[in-house]
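A short write-up of the structure that comes next.
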Amino acid sequence: MNPVFIQTLQRTLVGAATVSMLAMFAPPTGNTQGVKATLTSVTPKGAVDPYTLQKQLQALEKRVLELEKEALATAEDAADSDAAAAIVDERLKNSETAVKQLTQRVADAEKDAGDDRRGGETASGKNDKADDDAPMTVTAPFVVVDGAGKPIMRVVEAENGFSRGVYVFNENGNSVAHVGVLRDGNGRLYAATPGGFPAAQLGAQPEGGVVSVGNNSRQVVILNKDMLTFIGDSDAPVAAFGTKNRAKGYLELNDSSGNKMVEAGMLNNNKGYVLASPYRATVDPHGDPSVLKGAGK
């Protein structure tokens, strides 16, 4: 076999393999603006797989050894043994250099893959290592979108009608859930229908927690540490059940304007009572029929 042909063939194979490897490690091109949030460790399409690359390197090393054997066999039959030896030596140097370069790139790929598995890339472009003490920091406002570019979550400061916190959107771009802070500095959570008033809320106040249920425009049920209150269509409380100073049970029924019509509870002498309105004075020996009290009227 012609030694010049062998040398040309080998350089072509090594060069093609080297170019292929370099292309695999080339950085991606395109617009990188926007915010991305990595919640799970995945291997994106087109990413370098160090294990596949290792197999390709092993195949290349095997092919280089085969070419070297062929070159040595050709050199033994060559008339000019010195020239053949020089060709073989040059081939060996080129092959060893290519293998070293590819070996280093395999090591770099394995290191990068390990960094991705330990935490991924932060918004600043730096990899979070497993032994890092500082958490990842992202500056608001920012939006997390789905594969179609639709918003999933928005984190904002208080601005443009949004209070400070996190908003979650449905597939149509409607805000339907919120975790955030009220103007008084207390926290709240709510769930809502698209474009509607919060259907359910959980909030904090200095005196304790508050839970409320709403319709499409206002709160209709409110529960705090003292009372469960039902709000009527006129926005007035129509019924309340709870306590008096956390010491006695209490019931109140009102008309549509919030006027008390029935009240039930207990007196300080531990007698229960019921008051019904309208109250009227009477001299009937049986007492006032609008008042009912324990142990006699």
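The values are calculated or read from the model by the stated rules, or taken from the named source; none is laboratory data. Computed from a prediction, not measured in an experiment: that's the story for all the values here. Positions of Cβ are generated from backbone atoms using ideal geometry, with glycine treated the same way; all protein chains shown enter the neighbour counts.
Which one of 182, 189 is closer than 17 Å to residue 222 by Cβ, modelled with pLDDT of 95 or more and assigned by TED's automatic domain parsing to the domain that holds residue 141? Before you say what the answer is, go through the steps one by one.
On the way: 182 fails: modelled with pLDDT of 95 or more.
The unique qualifying residue is 189.
Output the number of the condition that residue 172 fails; it satisfies all remaining conditions of (1) assigned to a strand (DSSP E or B); (2) within 28 Å of residue 148 (Cβ to Cβ); (3) of a type outside the set (D, E, K, R).
(1)
Within the stretch 199-241, which strands (runs of 3 or more DSSP E) (wholly inside it) include 3 or more residues that are surrounded by fewer than 16 Cβ atoms within 10 Å (Cβ to Cβ)? Show your work before the answer.
Working: elements: 208-214, 219-223, 227-231.
Of the strands (runs of 3 or more DSSP E) lying wholly inside the stretch 199-241, those with at least 3 residues that are surrounded by fewer than 16 Cβ atoms within 10 Å (Cβ to Cβ) span 208-214, 227-231.
Mind checking which pairs have a first residue in the stretch 221-241 that is free of Cβ contacts under 8 Å to residues at least 40 places away in the same chain and on the phi < 0 side of the Ramachandran plot and a second that is of a type in the set (Ser, Thr, Tyr) and in a loop (DSSP other than H, G, I, E, B), Cβ under 8 Å, 6 or more apart or different chains?
232/256; 233/256; 234/256; 234/257; 236/256; 236/257; 238/256
Being part of a loop (DSSP other than H, G, I, E, B) and within 15 Å of residue 181 (Cα to Cα) is the filter here; which residues of the stretch 142-159 pass it? Give the derivation first.
Within the stretch 142-159, the first condition is being part of a loop (DSSP other than H, G, I, E, B), and the residues that meet it are 146-150, 157-158.
If the condition is that a residue be part of a loop (DSSP other than H, G, I, E, B) and within 15 Å of residue 181 (Cα to Cα), then 157, 158 are the ones that fit.
Report every pair of residues separated by at least 6 positions or lying on different chains whose Cβ atoms are under 9 Å apart, first residue within the stretch 283-297 and within 18 Å of residue 264 (Cα to Cα) and among the basic types (Lys, Arg), second in a loop (DSSP other than H, G, I, E, B) and at pLDDT below 70.
293/287; 297/286; 297/287
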